[in-house]
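Colleague: Here you go, one structure.
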Amino acid sequence: DGPSLAVVGVTGAVGQEFLQVLSERNFPYRSIRMLASRRSAGRHLTFEGREYEIEELRPESFDGVDIGLFSAGGSISREMAPAAVERGTIVVDNSSAFRMDPGIPLVIPEVNPDAMAHISLRRKGKEGALIANPNCSTIICLMAATPLHRHAKVVRMVVSTYQAASGAGAAAMDELELQTREVLDGKQPTCKIFKQQYAFNLFSHNAPILSNGYNEEEMKLMKETRKIWNNSDVKVTATCIRVPVMRAHAESVNLQFEKPLDEDTARTILKDAIGVVVVDDRASNLFPTPLEVSNKDGVAVGRIRQDLSQDGNHG
Ligand code: 2RA
């Protein structure tokens with residue numbers, strides 16, 4: 001008789017991933033409520049051999065719900081997550097709505113589980129709680145960088161991301177496929193999700209650009225890293241790019257440490273890190289690729305090497 005669940009945004013790309021992972025991990029739920037907007041309410045979906053009716057998301061949806069998994073955008077989370085918490089639900093929110101709230105834990109379970117240690121299902125009086133899930137590009141970066149940080153203290157991190165269509169949702173993945181077919185057929189590509197052609201192209205991430213010249217995606221990575229590492233001094237800068245790949249973001253991460261860290265030690269630390277797989281075959285020139293890691297949980301790390309620009313000899 002495990003916890004009762006609610007999945008908010010169940011028809012979206014992440015909502016579907018929630019169900020996929022719950023099933024893969026044999027999560028011991030007692031019951032699940034499938035919640036979405038009025039547009040999807042009434043439709044049916046089958047999960048683990050049972051048929052469910054998708055219900056319209058309302059505050060009352062959370063009566064008796066132990067855990068609510070949210071991924072329906074920031075405005076829905078801002079509107080509905082507090083109502084769920086009031087009803088005693090532990091909310092895990094995938095949106096950016098509460099990530100930088102000082103009182104809300106921003107958690108990567110493999111990295112900083114202690115930030116949510118005070119929240120337990122066996123809580124007295126069933127008071128609810130809210131846990132914020134970091135942005136995907138932050139998560140994959142810190143899964144690899146944190147074990148190294150804990151060993152040699154990162155003082156500066158420079159990240160370039162190569163983000164897949166999946167980060168922009170199911171409709172963006174559909175548009176990439178459609179455009180690819182259209183371009184190959186010599187037709188004008190349909191550009192609804194992104195203002196420019198995406199197939200056979202790449203562009204600066206579609207998040208709005210701020211007055212400082214960074215886009216919101218880059219600011220998320222920079223701010224969330226400081227919060228998760230509980231270190232406001234670490235220098236972080238990022239450039240986020242959208243690339244024509246269906247799933248799995250890729251990143252280049254350059255780390256400067258306070259203490260010396262040689263390549264072999266870094267490699268050993270990464271090999272031992274939870275949720276990290278080292279794919280670094282120089283002889284065959286084989287390194288992580290999005291196709292290889294799609295639909296897998298681990299973060300694949302390769303091209304591990306000293307930064308020659310830092311140790312005086314320039315190769
Ligand atoms: C993206 N990380 O890829 C953002 C949101 N999922 O667009």
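The values are calculated or read from the model by the stated rules, or taken from the named source; none is laboratory data. Given the structure is predicted, the values throughout are model-derived calculations rather than measurements. As a convention, Cβ positions derive from the backbone with ideal geometry for all residues, glycine included, and neighbour counts pool all protein chains shown.
Colleague: Which one is farthest from the ligand (Cβ to nearest atom), of the residues in the stretch 128-144 that are in a helix (DSSP H, G or I) and touching a strand residue (DSSP E or B) at 6+ places or on another chain (Cβ under 6 Å)?
Modeller: Filtering the stretch 128-144 for residues that are in a helix (DSSP H, G or I) and touching a strand residue (DSSP E or B) at 6+ places or on another chain (Cβ under 6 Å), the one farthest from the ligand (Cβ to nearest atom) comes out as A144.
Colleague: Within the stretch 209-216, is there a residue that is under 30 Å from L69 (Cβ atoms), touching a helix residue (DSSP H, G or I) at 6+ places or on another chain (Cβ under 6 Å) and within 14 Å of the ligand (Cβ to nearest atom)?
Modeller: Taking the stretch 209-216 and keeping what is under 30 Å from L69 (Cβ atoms), we get 210, 214-216.
Imposing the further condition that a residue be touching a helix residue (DSSP H, G or I) at 6+ places or on another chain (Cβ under 6 Å) reduces the set to none.
No, because not a single residue in the stretch 209-216 is under 30 Å from L69 (Cβ atoms), touching a helix residue (DSSP H, G or I) at 6+ places or on another chain (Cβ under 6 Å) and within 14 Å of the ligand (Cβ to nearest atom).
Colleague: Enumerate the pairs (first residue in the stretch 19-37 and under 17 Å from I54 (Cα atoms); second residue anywhere and assigned to a strand (DSSP E or B) and polar (S, T, N, Q)) with beta-carbon separation below 9 Å, excluding pairs fewer than 6 apart on the same chain, so at least 6 apart or on different chains.
Modeller: Qualifying pairs under 9 Å: S31/S4; I32/S4; R33/S4.
Colleague: Further question on the same structure: Can you confirm whether the stretch 97-118 contains a residue that is within 21 Å of G73 (Cβ to Cβ), hydrophobic (A, V, I, L, M, F, W, C) and touching a Gly at 6+ places or on another chain (Cβ under 6 Å)?
Modeller: yes
Colleague: If I ask for residues that are at positive phi and either in contact with a Pro (Cβ under 8 Å, 6 or more places away or on another chain) or touching a residue at least 12 places away in the same chain (Cβ under 8 Å) (or both), which ones from the stretch 150-207 would you list? It would help to see each step written out before you state the result.
Modeller: Residues of the stretch 150-207 at positive phi: 153, 169, 186, 200.
Within the stretch 150-207, K153, G169, F200 qualify.
Colleague: Pull up the stretch 46-103, narrow it to residues that are of a type in the set (D, E) and in a helix (DSSP H, G or I), then point me to the one that is nearest to E217 (Cα to Cα).
Modeller: Checked the stretch 46-103; the qualifying residue nearest to E217 (Cα to Cα) is E79.
Colleague: A follow-up question, please. Please indicate, with yes or no, whether at least one residue in the stretch 173-186 is within 16 Å of the ligand (Cβ to nearest atom), at pLDDT 95 or above and surrounded by fewer than 17 Cβ atoms within 10 Å (Cβ to Cβ).
Modeller: yes
Colleague: If you don't mind, there's one more thing I want to ask. Does V91 count as over 23 Å from R247 (Cα atoms) and either over 17 Å from the mean Cα position of the chain (by Cα) or within 12 Å of the ligand (Cβ to nearest atom) (or both)?
Modeller: It is false that V91 is over 23 Å from R247 (Cα atoms) and either over 17 Å from the mean Cα position of the chain (by Cα) or within 12 Å of the ligand (Cβ to nearest atom) (or both).
Colleague: How about the stretch 10-36: which of its residues are surrounded by 14 or more Cβ atoms within 10 Å (Cβ to Cβ) and part of a loop (DSSP other than H, G, I, E, B)?
Modeller: V10, T11, G12, F27, Y29, listed by residue number.
Colleague: OK, next. Among the residues of the stretch 239-266 satisfying the criterion of being within 16 Å of M143 (Cβ to Cβ) and surrounded by 15 or more Cβ atoms within 10 Å (Cβ to Cβ), which is nearest to the ligand (Cβ to nearest atom)?
Modeller: Top of the filtered list is H249.
Results for (1) within 14 Å of the ligand (Cβ to nearest atom); (2) more than 17 Å from the chain's Cα centre (by Cα); (3) buried (at least 19 other Cβ atoms within 10 Å of the Cβ); (4) of a type in the set (K, R), shown as yes or no for each residue.
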position	(1), (2), (3), (4)
P113	no, no, no, no
R122	no, yes, no, yes
L148	no, yes, yes, no
H151	no, yes, no, no
M157	no, yes, yes, no
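Colleague: Consider the stretch 97-111. How many of its residues are within 16 Å of the ligand (Cβ to nearest atom), buried (at least 19 other Cβ atoms within 10 Å of the Cβ) and not basic (K, R)? Break it down into steps so the answer makes sense when it comes.
Modeller: Applying the first criterion (within 16 Å of the ligand (Cβ to nearest atom)) to the stretch 97-111 yields 97-100, 106, 108.
From the residues that got through so far, the ones that are buried (at least 19 other Cβ atoms within 10 Å of the Cβ) too are 97-99, 106, 108.
Cutting the leftovers down to not basic (K, R) gives us 97-98, 106, 108.
Here the count works out to 4.
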